[in-house]
Amino acid sequence: MKMNFTKISFVLGLIFLVNFPKGYTQISIVCFYNCENFYDTVDQQNVIDEDFLPTSERGYTQSIYNAKTKNIATVIYKMGLLANSNGISLMGLAEIENKMVLTKLMNEPIIKKYHYKYIHFDSKDPRGVDVALIYNPVHFIPYQYKPINLTNDKYFTKYATRDILFVKGLLENEWVYIFVNHWPSRRGGLTSSQNKRIWASTVCKNIMDSIVKENAAAKFILMGDFNDNPTNKSLKMLHMMNPFLTLFKNGYGSLAFNDNWNLFDQILLSPNWMKSIKDNEEKFSLTNYKPVIYKNFTMIEKNGKYKGYPKRTYNGIEYNGGYSDHFPVALIFTLKKDTNSP
């Protein structure tokens, strides 16, 4: 999909207009963000993090680390204001080095008042970049969580890849099963790498199928950087609802490469989310939602070769003062109907 910068500028002001049915209150924001190389400045054992140290060619100093943390916290804060919400409910993160960067992030003054918590496990990924889930305890209560390893006898035998984070919990008093993903990259080409992402998809689907056998009404949220677009086989085979499919077909994306937009960052829902609610119930389920590719002026590259792209922390080894090579995505849910509205 060829990049249309006029269209991008236009949609920047319009894509965030969220129109829900009259009388509904929108309060729950579910997000995902690939933070691109969110490292601390400490040389960690058994992690290939040498490119992100003060002594590296990039010169990844404490001040740059502080600025990176502040930028990500600012994105979280501003996404928490979408649709007049009071903070996010859930946010999956990718390319997180460890718990130290998450603790530092949670303590940033702009978001500290929300008392966000996080769930994270160190994976065996050689670069040490993992997935994590941050959540607002007012909106979400975790019950069970564990990492899901993708290593088997056929894939990732020579090197490890990122785990999938599985979390079961109560979102606005509804049980949900959440998978936070960062599927294998397209390194080596789309065709040669696609079976690795199909394997990751198969692992997710097998777990969901086993849960459905015990609970036919189970609701699933799959979020992540899938390194595939909504139309690729790895995502279609999940048989999930993909709120971001229409945005992708209309030419929008979360990251750019060779002047083409990809929408690797997505949040998928299982069909049970659309089951109807009885007319006489005052409290409505989380059935109404709108997809958002979030961006603001400061998150967009203004000049040069990458004008219009997400503004990165580095362009190569040159510090660029940006955020990430991805834009974050969100689903804005409505929770309940205001019974006093006409």
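The values are calculated or read from the model by the stated rules, or taken from the named source; none is laboratory data. As the structure is a computational prediction, the values presented were derived from the model and not from experiment. Please note: Cβ atoms are built from the backbone with ideal geometry, for glycine as well, and neighbour counts cover all protein chains shown.
Being aliphatic (A, V, I, L, M), over 27 Å from residue 301 (Cα atoms) and at pLDDT 95 or above is the filter here; which residues of the stretch 9-47 pass it? Walk me through how you get there before you give the answer.
Here is the first cut: in the stretch 9-47, the ones aliphatic (A, V, I, L, M) are 11-12, 14-15, 17-18, 27, 29-30, 42, 47.
So of that shortlist, the ones also over 27 Å from residue 301 (Cα atoms) come out as 27, 42, 47.
Listed by number, the list holds a single entry, 42.
State the number of residues belonging to the stretch 216-236 that are farther than 24 Å from residue 326 by Cβ and either surrounded by 15 or more Cβ atoms within 10 Å (Cβ to Cβ) or in contact with an Asp or Glu (Cβ under 6 Å, 6 or more places away or on another chain) (or both).
Keep residues of the stretch 216-236 that are farther than 24 Å from residue 326 by Cβ, which gives 216-219.
Next, only the ones that are either surrounded by 15 or more Cβ atoms within 10 Å (Cβ to Cβ) or in contact with an Asp or Glu (Cβ under 6 Å, 6 or more places away or on another chain) (or both) stay: 218-219.
Residues that pass the stated criteria total 2.
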| query | Among the numbered criteria (1) modelled with pLDDT of 95 or more; (2) under 25 Å from residue 101 (Cα atoms); (3) within 19 Å of the chain's Cα centre (by Cα), which single criterion is violated by residue 184? | reply | (1)
| said: Quick check on the stretch 155-210: of everything there that is in contact with a Leu (Cβ under 7 Å, 6 or more places away or on another chain) and free of Cβ contacts under 8 Å to residues at least 40 places away in the same chain, which residue is surrounded by the fewest Cβ atoms within 10 Å (Cβ to Cβ)? | reply: 205
| List, please: which pairs have Cβ atoms under 7 Å, are six or more places apart or on different chains, and start with a residue in the stretch 308-321 that is within 17 Å of residue 54 (Cβ to Cβ) and end with one that is exposed (fewer than 14 other Cβ atoms within 10 Å of the Cβ)? | 317/57
| said: Are there strands (runs of 3 or more DSSP E) fully within the stretch 156-275 with at least 1 residues that are closer than 30 Å to residue 301 by Cα and among the β-branched types (Val, Ile, Thr)? List them. | reply: 174-182, 265-269
| said: Checking residue 145 against (1) part of a strand (DSSP E or B); (2) hydroxyl-bearing (Ser, Thr, Tyr); (3) loosely packed, with under 14 Cβ neighbours inside 10 Å, only one condition comes out false. Which one? | reply: (3)
| query | If we keep just the residues of the stretch 89-131 that are farther than 21 Å from residue 174 by Cα and part of a strand (DSSP E or B), which is farthest from the chain's Cα centre (by Cα)? | reply | 120
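Does residue 213 count as over 24 Å from residue 327 (Cβ atoms) and crowded, with 19+ Cβ neighbours inside 10 Å?
Values: over 24 Å from residue 327 (Cβ atoms): yes; crowded, with 19+ Cβ neighbours inside 10 Å: no.
Here the answer is no, as residue 213 does not meet what is asked.
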| task | Give the residues of the stretch 115-142 that are within 20 Å of residue 81 (Cβ to Cβ), surrounded by fewer than 17 Cβ atoms within 10 Å (Cβ to Cβ) and at pLDDT below 95, sorted by residue number. | result | 138
| Of all residues in the stretch 237-265, which are acidic (Asp, Glu) and crowded, with 20+ Cβ neighbours inside 10 Å? | 265
| Taking the stretch 53-87 as the search range and keeping residues that are free of Cβ contacts under 8 Å to residues at least 12 places away in the same chain and part of a loop (DSSP other than H, G, I, E, B), which one is farthest from residue 40 (Cα to Cα)? | 81
| field | Complete set of residues in the stretch 281-325 that are modelled with pLDDT of 95 or more and either in contact with a Cys (Cβ under 8 Å, 6 or more places away or on another chain) or of a type in the set (Ser, Thr, Tyr) (or both) | value | 294, 298, 309, 313, 314, 319, 323, 324
| How do the pairs read when you match residues in the stretch 88-114 that are loosely packed, with under 15 Cβ neighbours inside 10 Å with residues anywhere that are charged (D, E, K, R), using Cβ under 6 Å and keeping only pairs 6 or more apart or on different chains? | 100/40
| request: Output the residues belonging to the stretch 108-123 that are touching an Asp or Glu at 6+ places or on another chain (Cβ under 8 Å) and aromatic (Phe, Trp, Tyr). | output: 121
